[in-house]
Amino acid sequence: MLSREKPLALTLREKKKHDKAIRIKDAARRVFHHKGYRDATMREVADAAGVATGTLFLYAADKRDLLILTVIDDLDRLTAESAAALKPDDPLLDQLLDAFRPRYEYWASDRRLAMTVLHEVQETHSDYAPDSAMARYQLHRDSILTSIVNIVERQQRMGALSTSESSQTLARLINLIYATAVRYWLRGPQSSVDEGMAVLRDYLRIALSGVILR
């Protein structure tokens, strides 16, 4: 599910750089899948991509940054598409599940990679360059939270959700429940996306039962 969209009117140099980035991401996913993230090396990824190791470091600061590079374009696209597809008049739980389902489906396509990514991004890393994949992932997490805040605030304005708690607090709780539920789902038996979503729905329903008004 790697993003392969090319910006319009690329110069020859930009096209070569774009194509090289795609090769690197493809190679990284193959190497991580076959050798495991822990055992894979940057040199092996560079060899698989057909680039010099020094060139690889122009695209990723280290192995963690390279790992995030393989998924960040897809995750950004999922966030944008999910936000655009939401139905504002639907109940809160339905909107939240519609927002999270594409992520479950994406992670289900490669559970091993999913668990590695979700493990590696648990800690905050502030020493990455602003244009790095890790820095982009932090912005990505912020955009998810903003999307949830928007859903919550819309529900509050409609009178469907209590205003006794701030939208930011509720959004952080919702995102924390998702982050926990999806990790348990990935670690457990190979249950379907629908089964994982059913558990997430139960968690959200219980956690938000005191603030959902209708």
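The values are calculated or read from the model by the stated rules, or taken from the named source; none is laboratory data. Just so we're clear, the structure is a prediction, and the values are computed from it rather than from any experiment. The area values use the complete protein model at the heavy-atom level, side chains included, leaving out ligands, DNA and RNA. Shrake-Rupley method; radii C 1.70, N 1.55, O 1.52, S 1.80 Å.
For the chain, what number of Lys pairs, 8 or more residues apart or on separate chains, have alpha-carbon atoms under 29 Å from each other?
19
What's the angle, to the nearest 10 degrees (0 to 90), between helix 12-35's Cα axis and the longest principal axis of the chain?
The angle comes out at about 80 degrees.
Please determine, in degrees from 0 to 90 and to the nearest 10, the orientation of helix 167-187 with respect to the longest principal axis defined by the Cα atoms of the chain, where the helix direction is its Cα long axis.
Approximately 60 degrees, to the nearest 10.
Quick check: Cα centre of the stretch 150-193 to Cα centre of the stretch 33-111, how many Å?
Measuring centre to centre over Cα atoms gives 21 Å.
Counting heavy atoms of the protein chains only and a 1.4 Å probe, report the per residue accessible area for the stretch 68-134 as a whole number of Å².
Value for the stretch 68-134: 45 Å² per residue.
Can you tell me the accessible area per residue over the stretch 164-213, all protein chains present, probe 1.4 angstrom, in square angstrom?
57 Å²
Take the solvent-accessible surface of the protein heavy atoms, probe 1.4 Å, and return the percent of it on the chain that carbon and sulfur atoms account for.
Answer for the chain is 53 percent, counting heavy atoms of protein chains only.
Label the stretch 103-214 by shape, choosing from rounded, prolate and oblate, from the square roots a ≥ b ≥ c of the eigenvalues of the Cα gyration tensor; if a/c is under 1.5 it is rounded, and otherwise prolate applies when a/b is larger than b/c, oblate when it is not.
oblate
For the Cα atoms of the chain, what angle does the longest principal axis make with the long axis of helix 133-157, in degrees from 0 to 90, nearest 10?
That helix lies at roughly 20 degrees to the long axis.
I'm spelling it out carefully: the read-out is Cα extents along the principal axes in Å, the candidates are (i) 59, 42, 29; (ii) 52, 45, 32; (iii) 43, 40, 35, and one was derived from this structure. Which label?
It is the one labelled (i).
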